[in-house]
Amino acid sequence: KPYYNQLAFLFEKGSSRNPYTKEEADFILGVGKKFLAEKRPSFLDAACGAGRHDRLLSKKGFTVTGIDSSAALLRIARQKEKKTVYKKADFRTFDLGQKFDCIFSLWETYNYLSHPNDIAAFIKRCHFHLKPHGILILDSRNFQKRDALRKKVQTRSFQTDGYDVDLIIRKRTLLEERVHEGIFMYFLTEKKSKEQHIVIDQEL
């Protein structure tokens with residue numbers, strides 16, 4: 001929660017650098033054209049974050065709605081994209097009162113749900129919000145392709161308006177158990193006060 005709210009600007013910085021954003025958006029459109037009879041399908045981005053895919057879909061003239069539980073990330077999304085409708089909602093319990101041709105949730109977001117009941121609740125909510133013959137697009141890790149990434153440490157440094165940021169990322173994949181662990185350690189230095197902070201975020 002701290003990462004997606006207090007540190008939303010860091011999440012946006014990281015996600016906006018993703019080199020596959022356009023490729024992923026093109027994939028969504030390609031699937032839509034292949035499987036949907038609707039010429040101008042409507043899209044729902046479940047757990048949209050800062051809305052990096054929504055910007056590309058909206059620019060092409062599609063109707064897009066995005067939901068996320070982080071008010072801070074939604075503020076960033078609204079600043080960057082005016083046409084997309086953004087709503088604060090938990091993707092396990094959302095009820096928007098409308099149905100969509102295509103629902104997508106990328107960056108393995110559903111893997112952050114810790115319990116099978118939560119995953120089932122998310123899938124049921126998506127099914128409820130899909131039109132007949134609508135499609136749901138999810139992504140997941142390719143473990144075979146990640147054989148060489150059993151253990152990996154990366155370091156990055158960048159600046160924001162208010163902070164100098166050093167980031168250490170440790171990733172480990174336990175192939176037998178098919179479990180991926182990532183630890184993100186942020187060392188933040190405030191530019192004005194020179195105060196230093198450490199924030200640790202873990203994904204599993």
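Among the listed pairs Lys22/Lys80; Lys59/Lys124; Lys34/Lys60; Lys80/Lys191, those with a Cα-Cα distance over 20 Å are Lys59/Lys124; Lys80/Lys191.
Going by accessible surface with a 1.4 Å probe and the largest first, Leu56, Leu106 read Leu56, Leu106.
Ignoring ligands, DNA and RNA, what accessible area per residue does the stretch 75-129 give at 1.4 Å, in Å²? Intermediate values should be presented prior to the final figure.
On the way: 3340 Å² over 55 residues.
It amounts to 61 Å² per residue over the stretch 75-129.
Hey, if we sort His115, His129, His197 by accessible area with the 1.4 Å probe, largest down, what's the order? All intermediate terms of the calculation are to be shown ahead of the outcome.
Details: His115 115, His129 0, His197 65 Å².
Putting His115, His129, His197 in descending order of accessible area: His115, His197, His129.
Using a 1.4 angstrom probe with every protein chain in place, what is the largest-first accessible-area order of Val199, Val165, Val153?
Details: Val199 35, Val165 5, Val153 100 Å².
Result of the area sort, largest leading: Val153, Val199, Val165.
Taking all protein chains as shown and a probe of 1.4 angstrom, Glu190 keeps an accessible surface of around 50 Å².
Accessible area per residue was computed with a 1.4 Å probe on protein heavy atoms; Phe94 scores about 10 Å². The accessible surface of the stretch 15-123, taken with every protein chain in place and a 1.4 Å probe, is 53 percent carbon and sulfur.
The values are calculated or read from the model by the stated rules, or taken from the named source; none is laboratory data. The structure presented is a predicted model; accordingly, all values stated were derived computationally and were not measured. The protein model used for the area step is the full one, side chains on, heavy atoms only, and it has no ligands, DNA or RNA in it. Shrake-Rupley method; radii C 1.70, N 1.55, O 1.52, S 1.80 Å.
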